[in-house]
1. What are the pairs, 6+ residues apart or on separate chains, where a residue within segment 174-203 that is closer than 26 Å to residue 362 by Cα has its Cβ under 6 Å from a residue that is of a type in the set (Ser, Thr, Tyr) and outside any helix (DSSP H, G or I)?
2. Which pairs do you get when a residue that is charged (D, E, K, R), found in segment 230-242, comes within reach of a residue that is buried (at least 18 other Cβ atoms within 10 Å of the Cβ), reach meaning Cβ atoms under 8 angstrom, with the pair 6+ apart or on two chains?
3. Output the residue which, of all residues in segment 231-254 that are within 22 Å of the chain's Cα centre (by Cα) and either not aliphatic (A, V, I, L, M) or not in a helix (DSSP H, G or I) (or both), is surrounded by the most Cβ atoms within 10 Å (Cβ to Cβ).
4. If you check residue 348 against the conditions, is it surrounded by 17 or more Cβ atoms within 10 Å (Cβ to Cβ) and over 30 Å from residue 130 (Cβ atoms)?
5. Kindly indicate the residue of segment 255-287 that is part of a helix (DSSP H, G or I) and among the polar types (S, T, N, Q) and also modelled with the lowest pLDDT among those meeting that condition.
6. Please enumerate the residues belonging to segment 375-415 that are surrounded by fewer than 16 Cβ atoms within 10 Å (Cβ to Cβ) and in a helix (DSSP H, G or I).
7. Would you say residue 198 is modelled with pLDDT of 90 or more and either surrounded by fewer than 18 Cβ atoms within 10 Å (Cβ to Cβ) or assigned to a loop (DSSP other than H, G, I, E, B) (or both)?
Amino acid sequence: METVSIALAFVIFFGSLILIFWEKINRSIVAIAGAVLMIGMGKILGFYNEELAVEAIDFNTLGLLLGMMMLVAMLEPTGFFEYLAVLAARASKGKPNRLFILLGIITTVLSMFLDNVTTVVLIAPVTILISEILGISPLPYLMSEALLSNVGGVATLVGDPPNVLIGSAAGLSFNDFLVYSLPIVLVSWAGALFLLRHLFKKDLAKRPRRVKAVMKLNPAETLNQPETARRILIVLGAAILFFFVHHALHIEPSLVALGAAAAALLWVQPDVQEVLKKVEWSILLFFGSLFVMVGGLEHSGALEMTVRLFDGAAGMNPILLGVVVIWIVAALSAVVDNVPITIALIPVIKGIGETGVDIAPLWWALAFGAGFGGSGTIIGSSANIIVATLSEKTRTPITSAIWIKRGLPVMLVTCAIASILYALAYPLF
């Protein structure tokens, strides 16, 4: 019976992953159906039920995501993100290379505190508009924004969903990411930016036709609710400060994010219904359903069986093990979204720890692999898919072939840099 339970749990989980990336079906619907099927079959075979499914959900992760989503939903209508993009366009004085770097920096910094999807959804449309005004192709700017947001998001606890998952599972604080992840990300980001400038050298060498039109843009005109933006930015700044000290105060990051959202709602008093409409409920349901499915894998014995495959890890060179994890996770994240990969591997790493292996460094290997691996293909991260979809409205749509030529080298370079620095810094983890 146990063998049947393990086999069935594997089929449900990996079958759902395959269907999730079939474009004709909404991935949240697939995940919910998979979760329901896992619970149903678990009850029939006696290894899973509703109570265990609820216990499997990481509400700290969901609360953190919900709080940050609500803050972004309130900040978006103020025009703050358009303000930043127009400011960068004017500062570039119409020079493609300078614009490329400035937009890349803005996207990266935003992605360190907002999730990558939100960042590109807000920045990409303005990038397309600025490119049209200048008379240049938006392709290099859009691709670099997605790729650099993937890299930059790894730097902080709240920058990338896999980081939120890893931080919650391993008990890592906001400061832990700044100490251990940020330095490696900065070097990897510099390598990615240098490579992208080389890959898009021909595109960036073309002179814009309408520089004067961009210089006439007034950033202040895009900021249509300056007082509201100021208030929300103050609350967001306070939340970031609390992220620095949440461990010392013995409070969860989710409480900080939800508390900040509540404070912003009280201070700004927006239309609550409109704010709730802009929350990505489908993403929260997707995460929750994945937690339920992985819980089924765990209670069926499937994860325990997977951990046994790593029985030899105890005798393996620990640095080599970490580097192997980076590349395996990166390869998986390039073909399957890094969120389900991370959720599935967290209990596996915990299981490896029970064999006597020091898993503290492996959490960082998992974070680097999941974050950098998503750059490899057009379906490697949700940010990639969104940018590619938006590019279809332009004269130079981003195809899978184009992404492989530009994105895969970025993935390989960032993973290589991370592997080298991980090996050198291993004693510090």
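1. 177/156
2. 231/264; 231/268
3. First pass over segment 231-254, keeping only residues within 22 Å of the chain's Cα centre (by Cα): 233, 236-237, 239-244, 246, 252-254.
Next cut, either not aliphatic (A, V, I, L, M) or not in a helix (DSSP H, G or I) (or both) only: 237, 242-244, 246, 252-254.
On the way: 237: 12, 242: 18, 243: 23, 244: 13, 246: 20, 252: 17, 253: 26, 254: 22.
So, considering only residues that are within 22 Å of the chain's Cα centre (by Cα) and either not aliphatic (A, V, I, L, M) or not in a helix (DSSP H, G or I) (or both), the one surrounded by the most Cβ atoms within 10 Å (Cβ to Cβ) is 253.
4. Working: surrounded by 17 or more Cβ atoms within 10 Å (Cβ to Cβ): yes; over 30 Å from residue 130 (Cβ atoms): yes.
Here the answer is yes, as residue 348 does meet what is asked.
5. First pass over segment 255-287, keeping only residues part of a helix (DSSP H, G or I): 255-268, 272-278, 281-287.
With among the polar types (S, T, N, Q) added as a condition, the list becomes 273, 282.
Values: 273: 92, 282: 81.
Among those residues, the one meeting the criterion is 282.
6. Matches in segment 375-415: 389, 400, 401, 404, 405, 408.
7. Numbers: modelled with pLDDT of 90 or more: yes; either surrounded by fewer than 18 Cβ atoms within 10 Å (Cβ to Cβ) or assigned to a loop (DSSP other than H, G, I, E, B) (or both): yes.
Yes.
Results for (1) crowded, with 24+ Cβ neighbours inside 10 Å; (2) among the acidic types (Asp, Glu); (3) within 23 Å of residue 213 (Cβ to Cβ), shown as yes or no for each residue.
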site: 115; (1), (2), (3): yes, yes, no
site: 119; (1), (2), (3): yes, no, no
site: 125; (1), (2), (3): no, no, yes
site: 133; (1), (2), (3): no, no, yes
site: 137; (1), (2), (3): no, no, yes
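The values are calculated or read from the model by the stated rules, or taken from the named source; none is laboratory data. Just so it is clear, the model here is predicted, and its values are computed rather than measured. Note that each Cβ is placed from the backbone with ideal geometry, even for glycine, and that neighbours are counted across all protein chains shown.
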